[in-house]
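Enquirer: Below you'll find the structure I mean.
The values are calculated or read from the model by the stated rules, or taken from the named source; none is laboratory data. Predicted model only: the values in this text are computed from it and were never measured. So basically every Cβ, Gly included, is an ideal-geometry build from the backbone, and we count neighbours across all protein chains shown.
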Amino acid sequence: MGMTLEQFWDGSPYLVLTYRKAFKIKRELDNEMAWLTGLYFYDALSVSLFNVLRKRGHKRENYLEKPLDIFPLTPAEKKRREREEMLKTQKTLEQMRAAQVAKKKKSEAKSPKKEVVDDGRIDGNSGDRSKAQS
């Protein structure tokens with residue numbers, strides 16, 4: 001992408017400015033692509049190292065499921081994504097609640113309930129209060 005000698009010497013002086021602007025735009029795009037490539041590489045390396053060095057019992061990390069969005073979203077796409085995120089969050093909350101209920105039931109099954117009876121005891125002594133004062 002460059003000017004020919006004929007365009008440079010015999011063409012309009014504004015043509016030089018147009019080519020220069022196009023060159024700057026291409027250079028910016030190349031720089032952004034290099035940055036994006038570095039970002040993908042960093043993510044791949046991070047996921048790999050995490051999975052190799054993770055401790056037992058830790059959840060395995062996954063690489064990106066889809067490419068990163070580099071273009072602005074339309075309002076309809078924004079609403080759709082917000083709805084998807086909301087549904088995903090609701091599902092996660094329901095799973096957390098179910099796990100909490102299951103844990104509570106499991107702990108209740110292990111230990112029977114103890115009834116607390118208030119019979120007027122002072123410092124763990126049973127009986128009449130008047131006896132405790134004498």
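Enquirer: Looking at Glu6, is it without any contact (Cβ under 8 Å) to a residue 60 or more places away in the chain and surrounded by 10 or more Cβ atoms within 10 Å (Cβ to Cβ)?
Expert: no
Enquirer: Scan segment 9-52 residue by residue and report those that are among the small types (Gly, Ala, Ser), more than 41 Å from the chain's Cα centre (by Cα) and surrounded by 11 or more Cβ atoms within 10 Å (Cβ to Cβ).
Expert: Gly11
Enquirer: Are there any pairs with C-beta distances below 6 angstrom linking a residue in segment 15-31 that is outside the structural domain of Gly2 (by TED's automatic domain parsing) to a residue that is assigned to a helix (DSSP H, G or I) and charged (D, E, K, R), with the two at least 6 apart or on different chains, and if so which?
Expert: none
Enquirer: Looking only at segment 55-87, count how many residues are surrounded by fewer than 10 Cβ atoms within 10 Å (Cβ to Cβ) and not aromatic (Phe, Trp, Tyr).
Expert: 16
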